[in-house]
Amino acid sequence: MKQIAIVVALCVGAWYFFIGGRKLDEAMVRKYYEKEAHAVYSRDTELLCKQLSKKAVIQSKTIMMGRTQETTSDREQACEGIRKSFKMFESVGERMGGILTIEYEYHIDSIDVASDRRSATVEGTSVLKMGEAAMQFKSSFTQRLERELGQMRLVRGDDVTVVRLGGRGAMSQSDFFK
């Protein structure tokens, strides 16, 4: 009887590892972005890094003050970039008197779940504002998500980010989501 229970447990574990733990749906995709927003608000760089697959490839185009910089990052490079960005936010906050508010919003334009339910392609936009628009990062993105061992992970990301510094040049959220 004990051997049967072990065999059943192994079969269930194997099924979950190879099939069940890799399927996803639209609700799981939306939950991924909710977790991402929570991590941004709580400035949790490690949670943001955990959402990246070990095989992640992220192509970014950043436009700031008329200059364009294009980068391609793997998981480690992307995590280092996230850590540097949040350290920069902290530094700017200290220079602004110790308090720096962060506002973050995202909008999902479309979710295309693959027919085998192993991946989803997501298109959307996001806005990160620091210090009531002292600095603003507006991004449009196309991302491919997969489940790895029951966790949603970003496998491929293509994004374009426009960075604006405060003052009159900063656009409102409604201007971006037209």
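The values are calculated or read from the model by the stated rules, or taken from the named source; none is laboratory data. All of these numbers come straight from a predicted model, not from anything done at the bench. Positions of Cβ are generated from backbone atoms using ideal geometry, with glycine treated the same way; all protein chains shown enter the neighbour counts. Ligands, DNA and RNA are excluded from the accessible area calculation, which covers all protein heavy atoms including side chains. Shrake-Rupley method; radii C 1.70, N 1.55, O 1.52, S 1.80 Å.
So which of Phe89, Phe141 ends up being among the aromatic types (Phe, Trp, Tyr) and within 17 Å of the chain's Cα centre (by Cα)?
Values: Phe89 fails: within 17 Å of the chain's Cα centre (by Cα).
Exactly one residue qualifies, and that residue is Phe141.
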Report task. Can you confirm whether the range 139-158 contains a residue that is farther than 20 Å from Val29 by Cα, modelled with pLDDT under 95 and surrounded by fewer than 18 Cβ atoms within 10 Å (Cβ to Cβ)? Result -> no
Report summary line: Residue pairs within 9 Å by beta carbon, gap of at least six or interchain, first lying in the range 94-123 and at negative phi, second open to solvent by 70 Å² or more (accessible area, probe 1.4 Å) and among the hydroxyl-bearing types (Ser, Thr, Tyr), listed first then second, are Ile102/Tyr41; Glu103/Tyr41; Tyr104/Tyr41
